[in-house]
Amino acid sequence: MSPRRAAAAIAFLYLFLGYIWISFSDRFLLTIAAESSYLTELQTYKGWTYVTITAGLLYLLAYRALQRERNLSERDGLTLLLNRHMFERELASEIQYAHDNQQNLSVIMLNIDGFKQINSHVSLEAGDKFLIAVAGELREACHQQALIARFGNDEFAIALPDSTWPDDVLPLLQQIQRRIAHIRISESPQLSFTASAGLALYPRDGSAASELIDAADLALEQARQTERGSYKLYNAELSAIMSNKARLLFDLKSAIEKRQLTVVYQPQFCVSENRMTGLEVLVRWNHPERGIIPPCDFIPLAEQNGLICGITDFVMQQAISELTEYGLLYRDVQRVSFNVSAADFNGNESCDRFLSNLALLPGDWSVIELELTESAALLNLEGVKQVLEKLTEKGVQVSLDDFGTGYSSLNTLRLLPIKEVKIDQSFVKDIVQNKQDAKLVKTILAMAQALHLRVVAEGVETHAQANYLMKAGCEEFQGYLYARPMPINHLVTFINNLKQQQRAQS
Ligand code: C2E
Ligand code: CA
Ligand code: CA
């Protein structure tokens, strides 16, 4: 019923009752006490009774309306737990109390792992039901003094006054995690969820409500990155790492947008023919304050935070444009290899991204090779397969990077249109001293020969390694022994010198 109609109904009811009261109460009094000398007093009492009853009704109405209004501003509409604003306010007064009485206090932030699945795979209603059930479990598990809130989505906060870690808090946290794991939704009873948690303690981790909430939030983030259903206690070192990471991520986003990354090229050689066979393109980030940041520090960060496609697009476009501008492509460079990640193959638009990047090529696409690691391939096998099939139709070649380090390299070879394997640096490093590594490399080479695959050994640093690999039948090499990764202008000089050398020899 609309507020206007509800108010009209209440007013009408009041009018009706008032009318009945006025019409009949006097008559009733006259019937029972017309002759009494107390008639005037009785009529006064009757008036008082009327005022008292209506005052009671008015109180009830006002109380319920005000309570509702307060709930709306203090409570989360779905679960009726406190909202974030009220949680912070109440927590502040609990902290004050803990301070005055020299007590400890704990704050727990909880997040349901993979909750999005319910909303996207089942229904929004099922998601709501689940959250209401979580709120119910939290109410049941926590004692009366606990503050329980929902901060939005699937994030819950609990403050436990007068509690110490781990004695009071850990058993409760474990109980909460167990309870949440047992919640089932009728629409999809096979689904169950874990909850990750982050904890902050007063006075150790902060003395203001917002400080404790932020600290517990940071710890939660760490727990979520470590393992589903785990918990982490805040520590200052962790916070420094996290804020360092957050800063790096922020800067990386901006570097990609402003196209501040650069690319370098590392040549690959067929040593027996004294010929450069190809180039691997590697990204570089020269941070304005921190200097050169190695790819192993920012590529995983980019992969985890949805930035890798921007990097791949940049690297492809930049390398094609530089190599074309300097007239190297097709003439001196017959193969250009790009590193790609699993996330490059996510979503329907991934194939179009590759197609539009490669459309910048002035000629044949068979000069392009994509290097992907086995773990990337297996993370998203279907997506990778579909895109690679379309690209190989157009001549693009595929190489399996860091070969031998995964669990089922052979299976990956069978499932994807792979033309080349790159023997991982870790095997090359100790190939001369370590018999086990040497055996493995020989096996890879025999297998590659049987499957008609090209093999490139990477990370070749010494003549001893190169000689060993050559004797074992490896033809192509990449490593500091021959050339380090270099920017385009150095590459031009390098290629010119190589050509001069070759002319002198012939
Ligand atoms: P990777 O694909 O295995 O690349 C080879 C790495 O070995 C490069 O390191 C290269 O500089 C280094 N290297 C080459 N020869 C030698 C050698 O003789 N000795 C030693 N010790 N190292 C050698 P870099 O450039 O630091 O790249 C590291 C990793 O970062 C790459 O490993 C690749 O996985 C990733 N990466 C680099 N550029 C890109 C990119 O554009 N996109 C993606 N997705 N990943 C990239
Ligand atoms: Ca590579
Ligand atoms: Ca590699």
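The values are calculated or read from the model by the stated rules, or taken from the named source; none is laboratory data. This is a predicted model, so every value here is computed, not measured. Reconstructed Cβ throughout: ideal geometry from the backbone, glycine too, with neighbour counts over all protein chains shown. Heavy atoms of the whole protein, side chains included, go into the accessibility calculation; ligands, DNA and RNA do not. Shrake-Rupley method; radii C 1.70, N 1.55, O 1.52, S 1.80 Å.
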### Task
On the full set of protein chains, 1.4 Å probe, figure out the accessible area of SER210 and give it in Å² to the nearest 10.
50 Å²
#### Entry: Extension reserve of the LEU60-GLU393 stretch, reckoned as 0.36 nm per residue once the Cα distance is removed
112.2 nm
### Summary
For the chain, the accessible surface attributable to carbon and sulfur atoms (probe 1.4 angstrom, ligands and nucleic acids excluded) amounts in percent to 54 percent
### Query
Residue by residue, what Karplus-based ³J(HN,Hα) values in Hz, rounded to whole numbers, does the stretch 263-269 have, using 6.51, -1.76 and 1.60 with θ = phi - 60° and x for Gly and Pro?
10, 10, 10, 10, x, 10, 10
### Dipole of the chain [Lys/Arg +1, Asp/Glu -1 at C-beta], most positive-end residue of THR443, LEU212, HIS182
THR443
## Note on the structure
Quick note, the stretch 3-74: a/c under 1.5 would make it rounded; otherwise a/b > b/c is prolate and the rest oblate (a ≥ b ≥ c, C-alpha gyration tensor); here it is oblate
### Query
Dipole magnitude of the chain about its Cα centre, charges +1 at Lys/Arg Cβ and -1 at Asp/Glu Cβ only, in debye to the nearest 20?
700 debye
### Query
To the nearest 0.05, what FRET efficiency results for THR49 and ALA9 with a Förster distance of 22 Å applied to their C-beta separation?
0.35
### Task
Keeping all protein chains in place, calculate the accessible area per residue for the chain (probe 1.4 angstrom), answer in Å².
55 Å²
### Query
Which whole-number percentage describes the relative contact order of the chain, with Cα contacts under 8 Å and a sequence gap of 6 or more?
9 percent
### Task
Using only alpha carbon pairs under 8 Å that are at least six residues apart, calculate the relative contact order of the stretch 84-234 and give it in whole percent.
31 percent
## Note on the structure
Here the residues of the stretch 38-78 lying in the modelled label zone of LEU17, meaning backbone nitrogen under 18 Å from a point 7 Å along Cα-to-Cβ, are 46-66
### Query
So for CYS296, CYS351, CYS309, what's the accessible-area order with a 1.4 Å probe, most first?
CYS296, CYS309, CYS351
### Query
Which of the GluC sites (Glu not before Pro) found in the stretch 235-321 are loop residues per DSSP with 13 or fewer other Cβ atoms within 10 Å of their Cβ?
GLU273, GLU289
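May I ask you to rank THR52, THR412 by accessible area, largest first, using a 1.4 Å probe over the protein chains only?
The ranking, largest first, comes out as THR52, THR412.
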### Summary
Ranking ALA255, GLY47, THR31 by how far each Cα lies towards the positive end of the charge dipole of the chain (+1 on Lys and Arg Cβ, -1 on Asp and Glu Cβ), the top one is ALA255
### Message
Can you give me the long-range amide H partners of HIS287? Hydrogens built in the peptide plane at 1.01 Å from N, cutoff under 5 Å, separation of 5 or more residues or another chain.
### Response
ILE292, ILE293
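List the relative contact order of the stretch 259-505 as a percent without decimals, with contacts defined as Cα pairs under 8 Å and 6+ residues apart.
Relative contact order, the stretch 259-505: 19 percent.
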#### Entry: Unit charges on C-beta of K, R, D, E only; dipole of the stretch 402-449, Debye
160 debye
### Task
On the full set of protein chains, 1.4 Å probe, figure out the accessible area of TYR468 and give it in Å² to the nearest 10.
70 Å²
### Length gained when the stretch LEU42-TYR482 is fully extended (0.36 nm per residue, less Cα-Cα span)
146.9 nm
### Summary
Under 5 Å from the placed amide H of ALA195, counting only residues 5+ away or on other chains, we find ASP113, GLY229
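Which net charge results when you count Lys and Arg as +1 and Asp and Glu as -1 among the other residues whose beta-carbon is under 12 Å from that of LEU445?
In short, +2.
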#### Entry: Cβ-based net charge around PHE12, under 14 Å, with every Lys or Arg adding one and every Asp or Glu removing one
+2
### Charge-dipole axis of the stretch 102-246 as Lys and Arg at +1 and Asp and Glu at -1 on Cβ define it, positive-most pick from LEU160, GLN117, ALA246
GLN117
### Task
Can you bin the chain into rounded, prolate or oblate? Criterion: square roots of the alpha carbon gyration tensor eigenvalues sorted a ≥ b ≥ c, rounded for a/c under 1.5, prolate for a/b above b/c, oblate for the rest.
prolate
### Message
Please give me the summed charge of the neighbours of VAL367: other residues whose Cβ is under 15 Å from its Cβ, Lys and Arg +1, Asp and Glu -1.
### Response
-2
### Message
Students sometimes get this wrong: rank HIS143, HIS99, HIS121 by accessible area, probe 1.4 Å, all chains present, largest first.
### Response
HIS121, HIS99, HIS143
#### Entry: Distance in nm between pseudo-label sites at GLU227 and ASN489 (7 Å out along the Cβ direction from Cα)
5.2 nm
### Query
Per residue, what volume in Å³ does the Cα convex hull of the stretch 296-441 take up?
129 Å³
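What dipole magnitude, in Debye to the nearest 20, does the stretch 214-264 give about its Cα centre under +1 on Lys/Arg Cβ and -1 on Asp/Glu Cβ?
Once rounded to the nearest 20, the dipole reads 240 debye.
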### Query
Ignoring ligands and nucleic acids, what accessible area does LEU29 show with a 1.4 Å probe (Å², nearest 10)?
20 Å²
### Query
So what's the back-of-envelope 222 nm ellipticity for the chain, counting only DSSP H runs of four-plus at -39500 (n - 2.57) apiece and dividing by all residues, rounded to 500?
-17500 deg cm²/dmol
### Task
Can you bin the stretch 259-505 into rounded, prolate or oblate? Criterion: square roots of the alpha carbon gyration tensor eigenvalues sorted a ≥ b ≥ c, rounded for a/c under 1.5, prolate for a/b above b/c, oblate for the rest.
rounded
### Task
List the residues whose amide H sits under 5 Å from the amide H of LEU279, counting only those 5 or more places along or on another chain, with H placed 1.01 Å from N in the peptide plane.
GLN268, ARG335, VAL336, SER337
### Summary
For the chain, percent of DSSP beta bridges that are antiparallel (nearest 5) comes out at 55 percent
